[in-house]
Each structure stands twice: as C-alpha cells, then as structure tokens.
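The values are calculated or read from the model by the stated rules, or taken from the named source; none is laboratory data. The structure presented is a predicted model; accordingly, all values stated were derived computationally and were not measured. Methodologically, a virtual Cβ is constructed for each residue, glycine included, from the backbone with ideal geometry; neighbour enumeration extends over all protein chains shown. Accessible surface is based on the protein model in full, side chains and every heavy atom, while ligands, DNA and RNA are left aside. Shrake-Rupley method; radii C 1.70, N 1.55, O 1.52, S 1.80 Å.
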Amino acid sequence: MEILKKNNLKGNNSSFPGRKKFIVVVVCGFLLPALLSGGIYLLLHANEMRRQRADLQYRASVVTGNLEHVLEHCLHTFRFLEGWRGVTDHFGSLHFNDFLRPFLARNCFLDGLAWAPRVPGPEREGFEQRLRREAFPGDQIKELDKTGNFRRAGERAEYFPVFFLTPYTGREAAVGFDLASEPVRREALAKARETGKIVASGAIRHVLERGDQRAFLLFSPLYLDENPADGKPQAERIEGFFLGVFRAGDLLAHVLNKATHSDLSIFLYDVTDPGRPRLLASDRCGHCPADVPPDPSLDFFRDRMRISHEIEVGTRTWRVMYLPCGNFMAARQSLFVWLVPGGVFLFGSLLVGHVVLLRGKNDRIATHVAALTRTEKDLRCLQEELQRIFDSAPFFLASLDKDMRVLRLNRAMERLVGLDSETARGGYCYDLWGQYADDGARKGKERICDVCKARDALIDGENHTYLRLLPGDRFIEVVTAPVRDEQGEIIGALEVGYDVSERERTARALRESEANYRTLFENSPCVIAVADFSGIKDYLGVLPGKAVADYEGFFRENPGEINACLSRLAISEVNQAALQMFGAAARQEMIDGLSLIIGPKTPAMTVAALAAIGGGHTSFEQEIILNHLSGTELYGIMRWNVVPGFEENYQRVIISYNDITARKLAESRLAQKKTRLRHLSRRLVEMEEDNRKQIARELHDKLGQQLTALNINLSILEKSGLLAPDSSLATRLSDSITLLEEMTGQVRDIMAELRPPILDDYGLGAALRWYGELFSRRTGIDVKVFVQDLPRFPIVMEMALFRVAQESLTNVAKYSEAKEVEIHCHVAGKILLLEITDNGRGVVASDVDENNGGGMGIISMRERMKAVGGSLRFDSRPGRGVSVLAEVKL
C-alpha cells in the first residue's frame, strides 16, 4: 500500500498509461486468481467429501458386521442350549453352573445366563419350597415395586421366576424374580412363547443395575414335548425359558476397537416401534456415555456424512448410526485441497506484485532499503531473543573459543559455578570450574581436566559426552559440540550440561535391586526357575485354527499332543535349591535333563496348566509329580507367574516349586488309616444289625412265648371262679394280667425297633409311616411322611435307609428342639431319595462335615449308606433346621 501511495503521488510521471488502467490491472490481477482458486477449491473439496464418505461407509460396515457376528454367535449358543431339555427338574444350581460355564467363558460380553421355569399359580408354594431346598436366599417369587425394591409377587395364573442363574455370586437377589411382572419383559416372553423362536426384549433396566447402562434380554423357549400326543397348542406346552442378560454398553464396547474407531461417534437404537425409537448405547469418539443422544447441533458437513445400518436381533430391529468426529475430518483432510488453490492465488498475487514493483527503479531501491532496515531490526530482535533463550535455558550452557576460553555463560551455568558471565569471560574453563578451580595458579592449556572432552571436540570436530561428579553426590552429564563458522572451520565449542543426579541415583538403586534379587533368587529355600513359555503359547495359538475350543478336552482325547507341547518348554535359569532338589551338579546339567525331570506321570497332570496358558491366564498353581534325576518321584506344588510386560508372548515366566513329598506320604498313611477305620466302622454297623436281629429273635422266641403262656395261665385262673370277685387276690390277679399285657406290648415295641417286622413284610414306605407315628406318640413332635408307591427293594437297602431315618429322628428328639419333621421318599430316575427335614435350631456345617466325622450316630449313618453304594449329605444353617438327604443308585 505504501508503494501504491508513492506511485499515486507521482501522477503523470508514472510509467503506466493512466491511473484508472492501473487500478483495473491491479483489481483484475487479484480478483481473477481468487475466483479461479475458489472454483478449484470447491471441486477438490467435493471430491474429498466423497472419498471421506466412502471411508466412513467402509468403517461402518466393518463395525456393523462385527456386531452382527457377535449377536449371531449368541443366538447360535442359545440354540445349542436346547440340549438342556428334559433334565431341568433333576439338576440343581451347581449342575446348571457346570453346564453353562463354558458358554459364559466364550461370551465374555454376556452378563449372565438364567433358567426361568413356568410355575402355575397353584404350584407356587411347592416351587418356593424347592427354592428353599436349593438354599437360595430368594425363597419366594417376587416382583419390583414402584421404588425399584423387591416384594412378594401378587397372585397370578402363572409365573416365570428366575430359578437357576450363572454367574451366581453378586446376583443372588435376582433369584425368584418373576419375568412376567414387568410389561417389556412380559411382551418379549409372550412373543417367544407363541412363536417358539428366540426373541429379544426392548431396552430395559437391569434389576440389579446401579449405573446408567441399558440392557436387553434374549428369551429362548423350551417346550415339554416336540410332538405331543394330546394335541395341545405350543403355547400351553411351555416348560420355561433360557434367558440371556446383556448390557448394551458392554456389548458395544466389546465390538468396538478403540484404537480404530476413536474418531467415530456410534449410536445404537431399538427402532422396532417406528414412533418410539429407544437409545440402547452410544460411543462418542472412543468414550461410552450410557445415555447420550446425538448432538442436534451437528454442522452441515457432519450431518451429510451420517450413515445408518439396520440389523435384526431376535425379531427386533436395531439401527446403528455413525457420525464422524472432528478428528475424523481433520485426519483425512488433504493438504492438496488447500495447496493447489493457494498456489494459484499465490502465483497470481506474485504476478500482480511483480507488475507493481516494476513501476520504477527508485521505488524498488526504496523498497529494498526498507526491507534491509526491517531485516536489520529483525536480526537485532532475533539476537536478543536468542540471548534470552540462551540465558533462560533450564540446562547448563557455556560457550568457549578454540583455546577453551569462556565467551558466555547462561544463568543456570552462572548459578552452578558461582560466577557471572562477565567475570568468567576470557578465563579458562578448567581454571574457573574444573578440577583445578581451587588452585591459585593459572597455567592455561597445561592443566586440562581429566574427564573433559572439550579438547577432543575441538580437534576431531565430533560431539562428545561425559559424566562429571560434583560435590554433594550430584551428577552432571555434559555434551561438548564443536562450533563452526560459515566456511566450516571450528571456531569454538559449546558445552551443554544436564543434571542427571536423579537418573544416576535411580540406576544405582536399580543395580542394588538387581543384586538383591539375585541374592534372593540364589539363596531362596524354594525351588525357583526362569522359563520361556513362548513356544507353548505359539503351539496353543495354532490349535483354535483346528476348531479346538476346549483345550482340556483336546489334550485328553489326544494325550500325545501333551508331550509335543511340553517339548517347547525352555528353562533359562535355576537356583541352588533347584539343583539340590533334583540332584543336579550344575545348572546346565539340570536344563539338559529337563526331559528326565518331566516323568511319565507329569504330562497328564499339566492339562489344566496348558489350558490356562491357552486361555491367557498370567498365573497358575497346581499339585504335580516330577522326577529326581535318579528317577525318584517328587510331589510338589508348582506355581508360575508371567513377568509383567511379557503377557503377550510369555517369554519370561517365574516358576516356583515347593516339595510336599513328605506331606503326601503322611496323607497316604492317613488315608490308609481312615480306610481301615471305615472298614471297622462298617463292620461295627453290620455287627450291630446282626445283634439287633438276634436279640429280636431271642425276645420273640423265648421271652415272648413265655409271656404269652403266662398271660394265658393267669387268664384261665381269673375265669375259673376259684377266687371271689371282690377278694384282694382277684384284684391282684387282674393287676398282674394288666402289667403282663403292658410288658408284652413293650417287648413287642422293643422287637419292632430292633428289627421291625413291618419292614420285612410291607417294605420301606410302610415302615417309615409306622415309625413316624410311633415317634410322634413318644415325643409329641409332629412327623409328616410323604412316600410314593414304592416297589420292593433289596432288604439290605431298605434296612439302611430305615436306620438313617431312625437315627435322624433320634437326633431330632435329642438336639434340634424342633416342632415339626417332614420325611420324603421317592424315586427320581434311577436314584432312590430319602430326605428328613426339621424346623429346629440347626447345626454348624463343620459339625456334620464328612472330614470331621461327627458323632457315632452320624458315622453309622454314613457307613450304612456306603455299604449299599449310596451317599449321605447334610444341609443346615443355624436357626434354619437340618436337612438329611440320602441317595442310593438303583
């Protein structure tokens, strides 16, 4: 503009024809490049937008495909669960967890699996009793009130309560929750029941949710019979539902790869009802807020880049919407879009500027003079700025000439050596702050510091680094670099110092820690080794490519693969305890003899450890048998832990081994003694039963007959009329007959308890009813007996179960303080079950634990059941009674 003003002042002396023509040339010279560059920019920007949208479309297709694959895998798992049909009434919660644990492990995004049976209204009380027998805390069918708390469910024609649940820990409160008590769940449940298909629910709030995540459920119906003979409709044959619980946010986070999709905003909607779309989850640029709708203030270009996909999930429709974030547009913005229009505009502008500058030689000279003036000013400013940077640098700077005299020091260096820059200028560095600084003499070049590298940098022209130790345990790392002029000649040196005291102290501490670790490693009484599992990890990584999902099952079916896998184990270090344990004279001898240490029994015991490596576990512990180099078996507990930082390749693993051979031998001797004790206990029970039988026979054959004969004789004497009816002898005779009849009844009861004839004549069911009534009359405790129409079983089996019931009722009378006892006996499949339950004060579980043995009565009960191939279990909690469960396989 200054040039234009000067040219305007010249008027007719200008080299241009006229002022108007000059203005037209200038305006056209700037306007035409601007229009041309604007048009080019619009064309390039439109092409860039198409390329970015294609990229976004591809990225969205990948994410949608991953989501569809995960959901299809879940649906396939649910179809496989139809194998549970027909066994749900006979299995407990532990069987359910064991059956479904592999599915839950392979679907880490799955929050839980549950079984919800159909419970008709009249059968509600029986189901709740079953809940209590399963020892669930949720001992009733319940629903949610308006405040979100559980309450007892209202009366309905049928219920669908959660019965089995895995994982169970932390979700106990959900057991018994009626799925039909809430509209969204009830709608999905009814649809699955009618169609027989896997149906997804709408967006719900998890009954145990404490955060803001939304969830959804998958219902898989299970029917009583695929081809019913009675022709009932499918909906009336429903047995229950398998239930999958998903947190939508966790599912979306599992599908997304944050490193790849952190520049996208992804929103997952349920649009099954077009008028009421519901947001399930969202991921905004790598962050997953629970319930944040799309920003309505999207700019024009991001709104144009919006992409939506729809997928079908269990008869429901989901929409996945993708929007680019700001960094998506920025990362893909090509500089070419700006450089080409900018170059066109710059070229036109330079052309116009060149035309303007050609107005005259004087103007050009004036412009050059002004430019030189500004350059000189800028140079002074630059020098001042460089000086400020030099002075304020946080490290130590010293500028030296080629004779190692000081030219300038920065403030940090001044504080370090205790001299200001002016005082130090012209002095030799080794006299001012080197090792001769305290010497009063000044001998110049003859006194170079021992560690100094400045002279080397001035001679060879290379950078040199050295470490200088200052008083106070302070370390300075000095880098000396040569300074050259424009011709490349060395004119001086620049010393740059960094305070590395903390680094050196850390390195010293690290060396000490390494020494301590080495001492601990070598002198530890425990066997320690450093191993490389990378070969095993790589081998296991190939197995999934062979359709192997269960490592333990694969190795049990292919035992030869275990040795092939273990052959890839490499040991790099062992301590002295390892050498002593396995009888090796040197480390290399033990490493070379690894194949001898892994004995014939070892491979089969490593299946679980190999599965842990394949599953990505970083630690594991197990008992294992290894061999001494002489061939002797050693029992021990092996633990291995992956060193942090090697979790991906398992190249460094610490193995420890504790010898428990002595303990194992002691346990073996103890087990033998327990076996002998068990045989003695069993023989004692058999002898007791034989004695009971013999005593009952003796009472019946001798004392019973004699009492009967005596009763007959006294009755004849009473009816003979020899005694007057009102005489004292007649009265005594009548009393004697009454006492004799009572004695006869007592003897009969004793014989019945010793060997109840009703058991021999009518079987177990009749004997249980008879003894329950007899026990109630004696003790006043109400005994209820529930027995199916049982067939006859071997007398040994019936006698064992009867004695268990008899001993259980005796313990109730002695210890429980119960008011009511229930006895259940029935056949389930090929198992005969006997359960005695009271409502007394209960016992501590450890008092009836099999390892502790319990009293003689409990030992007798266990031995009787083992003698007939059965088992005995106790279920009790203080204050909630005792349940005795005896099982015998038929």
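Of the numbered criteria (1) farther than 18 Å from Glu633 by Cβ; (2) open to solvent by 80 Å² or more (accessible area, probe 1.4 Å); (3) in contact (Cβ under 8 Å) with a residue 24 or more places away in the chain; (4) not hydrophobic (A, V, I, L, M, F, W, C), the one Lys601 fails is (1). Those helices (runs of 4 or more DSSP H) of the range 547-617 in which at least 1 residues are outside the structural domain of Leu104 (by the TED database) and among the charged types (D, E, K, R), considering only elements entirely within it, cover 551-557, 560-566, 587-592. Among the residues making up the range 205-233, those that are out of contact with any Asp or Glu (no Cβ under 7 Å at 6 or more places or on another chain), more than 30 Å from Ala248 (Cα to Cα) and either modelled with pLDDT of 85 or more or not charged (D, E, K, R) (or both) are Asn227, Pro228, Ala229, Gly231, Pro233. Applying the criterion of being in contact with a Phe, Trp or Tyr (Cβ under 8 Å, 6 or more places away or on another chain) and either open to solvent by less than 40 Å² (accessible area, probe 1.4 Å) or not assigned by the TED database to the domain that holds Gln234 (or both) to the residues of the range 128-158, the residue that is modelled with the lowest pLDDT is Gly138. In the range 643-684, which residue that is among the small types (Gly, Ala, Ser) and part of a helix (DSSP H, G or I) is least open to solvent (accessible area, probe 1.4 Å)? Taking the candidates together, the pick is Ser681. Can you pull out every residue in the range 367-406 that is in contact with a Gly (Cβ under 7 Å, 6 or more places away or on another chain), of a type outside the set (Val, Ile, Thr) and assigned to a strand (DSSP E or B)? Once the filter is applied, which keeps residues that are in contact with a Gly (Cβ under 7 Å, 6 or more places away or on another chain), of a type outside the set (Val, Ile, Thr) and assigned to a strand (DSSP E or B), the range 367-406 yields Phe396, Ser399, Leu400, Asp401, Arg405. Here Lys814 meets each of (1) out of contact with any strand residue (DSSP E or B) (no Cβ under 7 Å at 6 or more places or on another chain); (2) touching a residue at least 24 places away in the same chain (Cβ under 8 Å) with one exception, condition (2). For the range 165-219, the tally of residues that are loosely packed, with under 15 Cβ neighbours inside 10 Å, touching a helix residue (DSSP H, G or I) at 6+ places or on another chain (Cβ under 8 Å) and β-branched (Val, Ile, Thr) stands at 0. One residue alone among Ser595, Ser572 is exposed (fewer than 15 other Cβ atoms within 10 Å of the Cβ) and within 22 Å of Tyr635 (Cβ to Cβ), and that residue is Ser595. Among the residues of the range 729-747, those that are surrounded by 11 or more Cβ atoms within 10 Å (Cβ to Cβ) and β-branched (Val, Ile, Thr) comprise Thr731, Ile737, Thr744, Val747. The residues in the range 620-642 that are part of a loop (DSSP other than H, G, I, E, B) and among the polar types (S, T, N, Q) can be counted, and the count is 2. Taking (1) under 24 Å from Gln52 (Cβ atoms); (2) at pLDDT below 65; (3) open to solvent by 50 Å² or more (accessible area, probe 1.4 Å) in turn, Leu298 satisfies each apart from (3). Counting only residues that are at pLDDT 70 or above and either among the basic types (Lys, Arg) or assigned to a helix (DSSP H, G or I) (or both), the range 106-120 holds 1 of them. Checking each residue in the range 698-728 for being open to solvent by 80 Å² or more (accessible area, probe 1.4 Å), under 30 Å from Leu759 (Cβ atoms) and either outside any helix (DSSP H, G or I) or modelled with pLDDT under 70 (or both) picks out His700, Lys702.
Taking every residue in the range 866-878 that is touching a residue at least 24 places away in the same chain (Cβ under 8 Å) and assigned to a strand (DSSP E or B) and pairing it with any residue that is among the charged types (D, E, K, R) and surrounded by 18 or more Cβ atoms within 10 Å (Cβ to Cβ), at least 6 positions away or on another chain, the pairs with Cβ-Cβ distances below 9 Å are Gly870/Arg864; Leu872/Arg862; Leu872/Arg864.
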